[in-house]
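> Okay, handing you the structure first.
The values are calculated or read from the model by the stated rules, or taken from the named source; none is laboratory data. Treat the numbers as computed from the prediction; the structure is a model and nothing was measured. Don't worry about glycine lacking a Cβ; one is built from the backbone with ideal geometry, like all the others, and counts go over all protein chains shown.
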Amino acid sequence: MADGAPPSTTSTHENSGLRGPAAAGDLTKATPWIALIAGVLLVVIAVVVFLGGQSANSAAKRIATSGIRVEATVTNCVGNLGGSGSNGAGYTCTATYKIDASHYSSVVQALSSYHDPGTVISVTADPLHPSAITLTGAVGTGHASKVPLIVALLLLLAGLVLGTLGVLRLTHRRQSSGDIGSDAETPVRG
């Protein structure tokens, strides 16, 4: 190299990576924590899915057994399109009705035919939530869905597996580094 010449930029090392300091974080150290956090999140989601499914199933049962039948007046009705947008998929209407001294306006979904505004239809209201209505003809035709239970169980299982793997990996790392269960003798002070 001659005096005043710039230093060579070619590397003589086999593994010449990016210039600069080495990366501060190590993903392998974070992986058990990521697995543990993901496991906990999956368990929380499983509980939410289960509770939502139970709520929907109990509402359907409550409407079928002790629902309040009322006459509702359609105020608006629109057609629904299927997923491709080329075929009809029923109608969604808004209807008003009265229970005791209270007036309600609710959406009536999954109607198979169009109803002009002013048409009177028979609906059944949830006794605990009178703003939730179902067509009277559809009450009792459904049954409790097991899908939320199955989904919740699968999410719970996945969460427990991920969380357990994370905990086992963290425990193994601590044991191998000597933090836990060290066989070294500690001096006794007297």
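Rundown of residues vs (1) under 30 Å from Ala158 (Cβ atoms); (2) surrounded by 13 or more Cβ atoms within 10 Å (Cβ to Cβ); (3) assigned by TED's automatic domain parsing to the domain that holds Leu155, yes/no style:
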site: Gly39; (1), (2), (3): yes, yes, yes
site: Gly53; (1), (2), (3): yes, yes, yes
site: Ala60; (1), (2), (3): yes, yes, yes
site: Ala72; (1), (2), (3): no, yes, no
site: Gly79; (1), (2), (3): no, no, no
site: Gly82; (1), (2), (3): no, no, no
site: Ser86; (1), (2), (3): no, no, no
site: Tyr104; (1), (2), (3): no, yes, no
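> Given the options Thr171, Thr134, Thr164, name the one that is assigned to a helix (DSSP H, G or I), among the polar types (S, T, N, Q) and either under 13 Å from Ala60 (Cβ atoms) or at pLDDT 90 or above (or both). Full working, then the answer.
Details: Thr171 fails: either under 13 Å from Ala60 (Cβ atoms) or at pLDDT 90 or above (or both); Thr134 fails: assigned to a helix (DSSP H, G or I).
Checking each option against the conditions leaves just Thr164.
> Of the numbered conditions (1) over 26 Å from the mean Cα position of the chain (by Cα); (2) modelled with pLDDT of 90 or more, Val47 fails exactly one; give the number of that condition.
Result: Val47 fails condition (1) only.
> Turning to a different aspect of this structure: As an exercise: evaluate Ser112 against (1) free of Cβ contacts under 8 Å to residues at least 24 places away in the same chain; (2) more than 21 Å from Ile63 (Cα to Cα); (3) touching a strand residue (DSSP E or B) at 6+ places or on another chain (Cβ under 9 Å) and give the number of the one condition it does not meet.
For Ser112, the exception is condition (2).
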